[in-house]
1. Would you list Ile138, Ile35, Ile11 from the most to the least accessible area, probe 1.4 Å?
2. Rounded if a/c is under 1.5, else prolate if a/b beats b/c, else oblate: with a ≥ b ≥ c from the C-alpha gyration tensor eigenvalues square-rooted, which is the stretch 50-99?
3. Stick to the Cα atoms of the chain, pair each with every other, and give me the Kirkwood hydrodynamic radius in Å at one decimal.
4. With everything on Cα atoms, drop me the angle between helix 123-139 and the longest principal axis of the chain, reported from 0 to 90° to the nearest 10.
5. At 1.4 Å probe radius, can you tell me the per residue accessible area of the chain in Å²?
6. What is the angle, in °, between the Cα long axis of helix 93-114 and the longest principal axis of the Cα atoms in the chain? Nearest 10 is fine, range 0 to 90.
7. On a 0 to 90 degree scale, rounded to 10, what angle separates helix 24-51 from the longest Cα axis of the chain?
Amino acid sequence: MKQAFVLMMLIALALQVGYQWAGYEVVYQIGYGAITLMGLMISLTFLWLYVVRATPLALGMAYSWSGASLVLGWWWIYSLLGEPAWAAESPAHFVFVALYLVGALLHFSVINRSFGWHGAMFLWPILGALVLSSLIYIMT
């Protein structure tokens, strides 16, 4: 765990140095592009693990990583294209958000089973997150 923390700090430092040296736009574009592409590769790996039935979490991980990558990728491409009006409020973006949400739902389902619970108990954290997000939206 110490190595992972040190690695995170080194990458954060590298990003800050990149920001000071090349500016926000360069670091943003390269960073978002890299994580989008790496996330899609990770998603495909988890999809393969699901196909070979290597782990019960694989499908949830495939959905989560593809959703996260495509949501980030949407904003990466949006920025690269100069923030076109057609992409600013496109409902196509919600397909990627749906992938992300399904991944979360599948994770909560597996977590539910790991506690020995059955049924729809796993929906409570999801509903709680939706209610809290809605309240925060209403209050702002």
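1. Values: Ile138 125, Ile35 65, Ile11 90 Å².
Accessible-area ranking of Ile138, Ile35, Ile11, largest first: Ile138, Ile11, Ile35.
2. Prolate, because a/c is 1.5 or more and a/b exceeds b/c.
3. Answer for the chain: a Kirkwood hydrodynamic radius of 17.5 Å.
4. Result, in degrees: 40.
5. Details: 10250 Å² over 140 residues.
Ligands and nucleic acids excluded, the figure is 73 Å² per residue.
6. 40
7. It is inclined by approximately 30 degrees.
The values are calculated or read from the model by the stated rules, or taken from the named source; none is laboratory data. Note that the structure is predicted; figures quoted are calculated from it, not measured. The protein model used for the area step is the full one, side chains on, heavy atoms only, and it has no ligands, DNA or RNA in it. Shrake-Rupley method; radii C 1.70, N 1.55, O 1.52, S 1.80 Å.
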